[in-house]
Amino acid sequence: MRSSMRNLGRRKVRTTLTIVGITIGIWALVVFGSMANKIGALVEGGSSYYADKITLSDRAGSVGGFSSAPMALATADQVRQVDGVAAVSPAVMMLMDDQASAVTMGVPPMINGSIAGSDEGLETFQVHYAEGRALTAADESANVTVLGSDIARKLDAHVGDTVTLKGEPFQVVGVLEPTLTAPDQAASVPMAAAQRLFVRTLPPMFRSEAQPSEVATTMVVYPTPGTDVEELATRIEREVPQVAAMTGEDFDRQIGSATSILNAILIGVALISLIVGGLSVINTMAMSIAERTREIGVKRAIGGGRARIVRELVVESALIGCLGGLLGLVLGAVVVTLGNEAGRASGTVLFELTLQTALTAVAFGTILGALAGFLPALHAARLDPVTALRYE
């Protein structure tokens, strides 16, 4: 190891520039890989949420400039009459801010309202509480809220504090643990409060006609055990024609394919940077071997085996890759941390650096360095000792 470090130190500028090349590639891999992790976590959370259930929305889609078209709450009664439906949980969802942030990863900050217990115990998507408790049916007439972890951090709110949502004060009764998915960006309130806030967001011509207690924006349908979810979704759309149904498979098709393409682009950009770094390692090792041809000839003449020559040179190139990998990881971690902290106030958390990503980055840099140095090392080991000794 000492001899390898000493050999690398013979041409400090060249070695440093090569390490910088690997560092940039690994930095790109860490940053883009962390972004892909965040996207993957959001998609995985969405897949878990939508699995084995059906989400209904108004078939007319978006209306005007607000986030979701209103539905008649009475529609839930029609859906309950469809064969195969075990429970229907109406809800109201709206943007927390009047305008969504221009840059966001996943859903923007939202206000969600539903009737506690309306799922009849069939909801399988579990959340855990860092502070406080969940909303209950007894809260239906109160202005109380449970905050997601990102929203709580943005508002610097804890249980017992009062936060303002759409101009109204709400007392915080619970704060969720981080999920790395949509619940982190949500403030959950009782259904009555959500209906009241939502109607205020409607254009005046709709607002004057809407009764808050009769409004929903979405409904979650829980099938009876053994019911085919896709068939039930088709049956609901046929028997309740004013709604559009989305299943877990629909979510995966719509979001999963787009996510796969985006992740491939992100990782592809990082790999291109690494390939450039690998070429610089090959160049560095080839030049180093050319300068040390006579030294290699001496080693071969006194009995140094080809395998030993290859091993020594590959170790040197692997060291270059490892150093570049470690520096790239540190630089990438700094960028990820600063980026998340800069966007946390607005709820825009773009990166998730995992231990697997960190270890993969360093290992990839080391392996890339070793592979890039293998061909030059093999060429050096095949040098004729006599010819190498005469090399000037």
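The values are calculated or read from the model by the stated rules, or taken from the named source; none is laboratory data. This is a predicted model, so every value here is computed, not measured. No Cβ is skipped: glycine too gets one built from the backbone with ideal geometry, and neighbour counts run over all protein chains shown. We work out accessible area using only protein heavy atoms, side chains counted, and drop any ligands, DNA or RNA first. Shrake-Rupley method; radii C 1.70, N 1.55, O 1.52, S 1.80 Å.
Determine, yes or no, whether residue 227 is out of contact with any helix residue (DSSP H, G or I) (no Cβ under 7 Å at 6 or more places or on another chain), among the polar types (S, T, N, Q) and closer than 24 Å to residue 43 by Cβ. Criteria not met by residue 227. Filtered by the rule that a residue be assigned to a helix (DSSP H, G or I), touching a Lys or Arg at 6+ places or on another chain (Cβ under 9 Å) and open to solvent by less than 30 Å² (accessible area, probe 1.4 Å), the range 236-279 gives a lone residue, 248. Look at the range 161-175: where a residue is small (Gly, Ala, Ser) and a partner is assigned to a strand (DSSP E or B) and open to solvent by 70 Å² or more (accessible area, probe 1.4 Å), sitting 6+ places away or on another chain with Cβ atoms under 9 Å, you get 174/129.
Residues of the range 195-209 that are aliphatic (A, V, I, L, M) and either surrounded by fewer than 15 Cβ atoms within 10 Å (Cβ to Cβ) or in contact with a Gly (Cβ under 7 Å, 6 or more places away or on another chain) (or both): 205 alone.
It is to be established whether one or more residues within the range 145-168 are of a type in the set (Asp, Glu) and within 24 Å of residue 80 (Cβ to Cβ). Among the residues of the range 145-168, not one is of a type in the set (Asp, Glu) and within 24 Å of residue 80 (Cβ to Cβ), which makes the answer no. Applying the criterion of being at pLDDT below 80 and assigned to a helix (DSSP H, G or I) to the residues of the range 343-371, the residue that is least open to solvent (accessible area, probe 1.4 Å) is 343.
Does residue 233 count as more than 30 Å from the chain's Cα centre (by Cα) and open to solvent by less than 60 Å² (accessible area, probe 1.4 Å)? Answer is no for this residue. Evaluation of residue 91 against the conditions (1) modelled with pLDDT of 85 or more; (2) under 20 Å from residue 197 (Cβ atoms); (3) under 24 Å from the mean Cα position of the chain (by Cα) shows that the sole unmet condition is (3).
Anything in the range 210-230 that is assigned to a helix (DSSP H, G or I) and open to solvent by less than 40 Å² (accessible area, probe 1.4 Å)? List them, or say none. The answer is 229, and nothing else.
Return yes when residue 133 is of a type outside the set (Asp, Glu), more than 32 Å from the chain's Cα centre (by Cα), open to solvent by 50 Å² or more (accessible area, probe 1.4 Å) and closer than 30 Å to residue 52 by Cβ and no when it is not. So residue 133 does not fit the description; no. Each residue in the range 175-194 was checked for being open to solvent by less than 20 Å² (accessible area, probe 1.4 Å) and at pLDDT below 95, and 4 of them qualify.
The single residue among 41, 86, 36 that is open to solvent by 10 Å² or more (accessible area, probe 1.4 Å), at pLDDT 90 or above and touching a Leu at 6+ places or on another chain (Cβ under 7 Å) turns out to be 86.
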